[in-house]
1. Strands (runs of 3 or more DSSP E) wholly in region 53-102 with at least 1 residues that are within 28 Å of VAL10 (Cα to Cα) and at pLDDT 85 or above - which ones?
2. Can you find a residue in region 29-41 that is of a type in the set (Val, Ile, Thr) and modelled with pLDDT under 80?
3. Looking at region 81-96, I want the residues that are basic (Lys, Arg) and have a partner that is modelled with pLDDT under 75 and surrounded by fewer than 17 Cβ atoms within 10 Å (Cβ to Cβ) with Cβ atoms under 8 Å, at least 6 apart or on another chain. Which pairs are those?
Amino acid sequence: MALYPEAQQVKQLLTELVNNCIDNNETIKSCIKARRAVVTTAANTSVANKVGVTIIGDNTEIFLPYNSTFTATQLVPNTLVSVWYSYSLNNGIVMKNARWTN
């Protein structure tokens, strides 16, 4: 059984690998959409590590996991973020801030 720091290191390596695969594969890149959203329910780290967001222009709140570039304390109501998703908004992740910089 891996120790927690080792698991975190593996997670970081996998995150970098997935990001590189997305960046370097035009087919995958074209399937992924991005939209801006507003955090409506603060991040919940105790149960599912998800945050409630509302896509700008839509009133439906959805709960999505968030990228490790965020800490839960950064994901508070009224924070602008970007959501990356594939074919369904429920199959997505809160990935970057609203300026696409983190």
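1. Output list reads 61-65, 80-85.
2. The answer is yes; a qualifying residue exists.
3. LYS96/THR69; LYS96/ASN102
The values are calculated or read from the model by the stated rules, or taken from the named source; none is laboratory data. Since the structure is predicted, the reported quantities are computational estimates derived from the model, not experimental observations. Virtual Cβ from ideal backbone geometry, glycine too; neighbours counted across all protein chains shown.
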